[in-house]
1. Expressed as a whole number of Å, what is the distance separating the alpha-carbon centroids of the range B:74-115 and the range A:52-121?
2. So for each of B:74-86, A:59-71 I average, over its residues, the number of other beta carbons within 10 Å; can you give me the resulting order with the highest mean first?
3. Which whole number gives the average count of other chain Cβ atoms within 10 Å of the Cβ atoms across peptide A:77-83?
4. Would you be so kind as to identify all helices of chain B, as entire DSSP H runs, whose Cα atoms reach 24 Å or more along the helix's own axis and whose mean Kyte-Doolittle hydropathy is at least 1.0?
5. On full extension of the chain, what length is gained from residue A:88 through residue A:7, given 0.36 nm per residue of separation minus the C-alpha to C-alpha distance?
6. How high is the FRET efficiency from residue A:24 to residue A:133, r the C-beta distance, R0 45 Å, rounded to 0.05?
7. Compute the long axis of helix A:51-63 from its Cα atoms, compare it with the longest principal axis of the Cα atoms of chain A, and write down the angle in degrees, 0 to 90, nearest 10.
8. Using a 7 Å offset from Cα along Cα-Cβ at residue A:121, what residues in the range A:46-81 end up with backbone N under 20 Å from the label point?
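Where a number appears in this text, it was derived from the coordinates with a stated rule and is not lab data. Please read these numbers as outputs of a predicted model, since none were measured by experiment. Virtual Cβ from ideal backbone geometry, glycine too; neighbours counted across all protein chains shown.
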Amino acid sequence: MTFPLTTRIKEWYEKDEVHFAVATKDGKVKIGIAQSCKFVGNDKLILSVPENVRNYVLPELQENPWIALTPGGQGGVLAPYQLKGLAELQGDEIRINLKELYITKPGPEAGMRMDHKSAEEVEQFERDMGWIR
Amino acid sequence: MKNDSLTETLKQSIKEVKHGGNLVHLATCSIDGKPNLVPMRFARMHDEETLVIADMYFCKTKVNIKENSSVAISVCYPKRKEYPYIIYGDGYYAEKGTKGEGKKIWDSWKNWGAKSLPTEVPKKFRPPNPNCRGILFIKVKKVVKSNFDEFGKEIR
């Protein structure tokens, strides 16, 4: 099934920095920040990460590939979507196979999982919510 | 944690945007290592060593906190460059009926939503009913820099 990346989700993630969380297998969490990111194909995301950040999150990524991401800047409010996936460090990039998509807007819909929907269904949800016209 | 200039800086940077603070990102994790990262508006320093975040419709965050206390917070918008900090600590959940320190924290912050309505948030993205369901309180253990040239440098 195609991962439901709408144009709006892509634009907000690619617009600014991206904050991300990684963890050891026993749940010790750590936060990193990517300068920028780029979506590739339907279900991949590449983070551009400075050397200091790469070195900081390397132990966790070598132990456990799960990563969670939210857009930086105003994206956390205006594009309230958390992505989760499996990450791999390749050179100066972190390449992510996207697996899950969640709503993070505070309200009854917080935590709703959306990756089982199509991009068109996600856009219809946004129209129903009044986020877009 | 000492009552010094860093503590004062954290107090200034971690509060609602309309009061001059920042949106923060809160990271939690399941006990078997699946991280979760969500933006939070209602975040404040409760005292020199305790940070509080209001539960306004927590979902996985609450599940994770109940099984694993490891949490982290990154300062995000709008002054990330001015306040380049990531804070680590142990998180605990307080709500009606919680005893001990959690009760005192719950009693201090349970009306936070009504006292600090999110009027600066665009209407269509505001919480529809900003009442605290609980309070996540975090015992701060470590603070690191998040500017790229010093990323991860421990300052406490």
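1. Each part reduced to its Cα centre gives a spacing of 23 Å.
2. Order by mean packing, descending: A:59-71, B:74-86.
3. That average works out to 4.
4. Helix filter hits for chain B: none.
5. Fully extending the segment from residue A:88 to residue A:7 adds 26.7 nm.
6. About 0.55, to the nearest 0.05.
7. Here the helix axis deviates by roughly 90 degrees.
8. A:80-81
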